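Shown next, in structure tokens, is the structure this report addresses.
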Amino acid sequence: MARLRSEVTVSLPPDLIRALHDTGAHVEVDAPLAKRVWWRVGGPADALVEVQELGQLCAVRALAHAADAPVFVLGNGSNLLVADAGIRGIVVRLEGALTHSVDEGPRAPGEPAGVLRCGAGLKNNVLLGRAAKHRWAGLDPLAGIPGTIGGAVRMNAGSAMGEIKDILIDVELVLPDGRLVRLGLDELGMRYRHCDLPPNAIVATARLRYGAVPWEESEARVRAFLDKRKATQPLDQPSCGSTFRNPPGDAAGRLIEAAGLKGARIGGAEVSTKHANFLLNTGDATAADIRALIHHVMARVEAHAGVRLVPEVEIAGDWGA
Ligand SMILES: Cc1cc2nc3c(=O)[nH]c(=O)nc-3n(C[C@H](O)[C@H](O)[C@H](O)COP(=O)(O)OP(=O)(O)OC[C@H]3O[C@@H](n4cnc5c(N)ncnc54)[C@H](O)[C@@H]3O)c2cc1C
């Protein structure tokens, strides 16, 4: 067992750390995560493993499985509350070739729409930048969502502009034993902020459709949508966007505001006064502050409106007992 900078004893055996290094992946032991997540809180990963290509990802996953080490996939950390004590086990990030996109062209000769094969570590905004250059229209559901393609599939991310399921064709998944499988959209059970991935599967690549609408139309829609977001959402402070799912037929933000919670604070965490479904780190929040504020909001909304809000953000890591 290695003694680390934080004096925490890492539960990962040195043999495993060596074997992870030997795959060619970049391995950082006791790796800080706060700078890698949007809320800017949370403790370290026992080991952060940055994989550069698909074969390496399969190898890392298989090694972890054989050693019984837990694996957590970190996308862009934009929907994640990491515990102050961090995440035990291996945190995997997809880099290198797993952030590439390849234009596979039309699915059939003469078809106006084309297919993009994207690495799951690719950030949505980077893909949208490439789309602007190549006039790949219709990727609108990804606009304004600061995550990766893998995170978007896992959450079925979306907005008023649609959801990723509207443009998704299929995904390649790495299963816990390192095997690679391809699943089509109809096998993923995607619905509002939900995707039925097999347990502990890692999305490695996703194929998306583009070009079903004219480029100018798509671009104008996205621009108007982003302008509206800027005016209505507190995008200049750390948050994870909408903290809670919208209950059927209602909006979480409306319920939180109606319960008088705009501006409510616990420690450095605050309910935004601009958009009540955004919980902000005002500068010195801890993960515990944010989690306590999440629970406070849930209790107050339930008492006020009889609605039990469900967090949309994922609460991850070592929260103790
Ligand atoms: C300012 C702001 C605005 C936002 N607006 C929206 C919005 O309009 N609509 C919306 O849906 N969301 C929104 N979000 C939330 C967030 O951006 C999305 O949920 C996004 O899809 C999360 O992707 P990520 O890569 O950051 O995932 P992370 O936050 O890193 O992880 C989220 C979950 O996905 C899993 N995951 C990540 N990558 C993979 C992978 N390759 N394979 C398997 N599992 C994986 C993680 O393990 C975790 O369980 C917003 C967030 C912010 C900060």
In percent, what relative contact order does the chain have, based on Cα pairs under 8 Å that are 6 or more apart in sequence?
17 percent
Hey, got the Cα dimensions of the range 1-153 along the principal axes, in Å, largest first?
60, 31, 20
Mind listing P(r) for the range 275-321? All alpha-carbon pairs, 5 Å bins, whole percents.
5, 17, 27, 26, 16, 8, 1
Extended-chain gain in nm, criterion 0.36 nm per residue less alpha-carbon gap, residue 220 and residue 180:
10.6 nm
5 Å is the cut-off here: which amide hydrogens, built 1.01 Å from N in the peptide plane, fall below it relative to residue 122, excluding neighbours closer than 5 in sequence?
149, 150
Solvent-accessible area of residue 68 with every protein chain in place, 1.4 Å probe, in Å² to the nearest 10:
140 Å²
Enter the accessible area of residue 217 (Å², nearest 10), with the probe set to 1.4 Å and all protein chains included.
100 Å²
Note down the accessible area of residue 169, probe 1.4 Å, to the nearest 10 Å².
20 Å²
Taking every DSSP bridge whose two residues both lie in the chain, the antiparallel percent to the nearest 5 is 75 percent
Other-chain or far-sequence residues with amide H under 5 Å of residue 315's (modelled H):
81
In the range 200-321 the accessible area split gives carbon plus sulfur, as whole percent at 1.4 Å, a share of 50 percent
Could you work out which residue, out of 110, 184, 150, moves most in a Gaussian network model of the chain, that is, has the largest mean-square fluctuation with Cα springs under 10 Å?
110
Computed lengthening from residue 213 to residue 67, 0.36 nm per intervening residue step minus Cα-Cα distance:
47.7 nm
Tell me which residues come under 5 Å, amide H to amide H, from residue 42 once H is placed; ignore anything under 5 positions away on its chain.
287
Output the direction-averaged projected area (hull surface divided by four) of the convex hull of the alpha-carbon atoms of the chain, in nm².
17.2 nm²
For the residue pair residue 18 and residue 321, what label-to-label distance in nm results when each label sits 7 Å from Cα along the Cα-to-beta-carbon direction?
3.8 nm
Anyone know which of 189, 75, 144 comes out most mobile in the 10 Å Cα GNM of the chain?
189
Take the solvent-accessible surface of the protein heavy atoms, probe 1.4 Å, and return the percent of it on the range 6-113 that carbon and sulfur atoms account for.
56 percent
List residues of the range 89-106, by number, whose backbone nitrogen lies under 19 Å from a label position 7 Å along Cα→C-beta of residue 35.
91-96
Per principal axis, largest first, the Cα atoms of the range 212-321 extend in Å by 53, 31, 25
In whole Hz, the Karplus estimates of ³J(HN,Hα) for the range 268-282 (6.51, -1.76, 1.60; θ = phi - 60°; x where Gly or Pro) are x, 9, 9, 6, 4, 7, 8, 8, 5, 7, 9, 9, 10, 8, 7
For the range 130-252 the mean separation of alpha carbon contacts under 8 Å (6+ apart) over residue count, i.e. relative contact order in percent, is 28 percent
Cα-projected label distance for residue 102 with residue 230, points at 7 Å along beta-carbon direction, nm
3.7 nm
For the range 314-321, in residue order, the Karplus 3J(HN,Hα) values (coefficients 6.51, -1.76, 1.60; θ = phi - 60°; whole Hz; Gly and Pro = x) are 8, 9, 10, x, 9, 9, x, 6
Please list, or write none, the lysines whose alpha carbon is within less than 17 Å of the alpha carbon of residue 133, excluding same-chain residues fewer than 8 places away.
123
Estimated 222 nm signal from helices in the chain, with DSSP H stretches of n ≥ 4 weighted -39500 (n - 2.57), rounded to 500
-8000 deg cm²/dmol
Going highest first, how would you order 90-97, 208-215, 227-234 by mean Cβ packing within 10 Å?
90-97, 208-215, 227-234
Please work out the Kirkwood hydrodynamic radius for the range 117-257, using every pair of different C-alpha atoms, and report it in angstroms with one decimal place.
16.1 Å
Probe of 1.4 angstrom, ligands and nucleic acids ignored: what's the accessible area per residue over the chain, in square angstrom?
45 Å²
Euclidean distance between Cα centres, the range 179-219 to the range 45-69, Å
23 Å
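The values are calculated or read from the model by the stated rules, or taken from the named source; none is laboratory data. For clarity, every value in this text was computed on a predicted model and none was experimentally measured. Neighbour counts run over all protein chains shown; Cβ positions are idealised from the backbone, glycine included. Remember, those area values only see protein heavy atoms, side chains included, never the ligands or the DNA or RNA. Shrake-Rupley method; radii C 1.70, N 1.55, O 1.52, S 1.80 Å.
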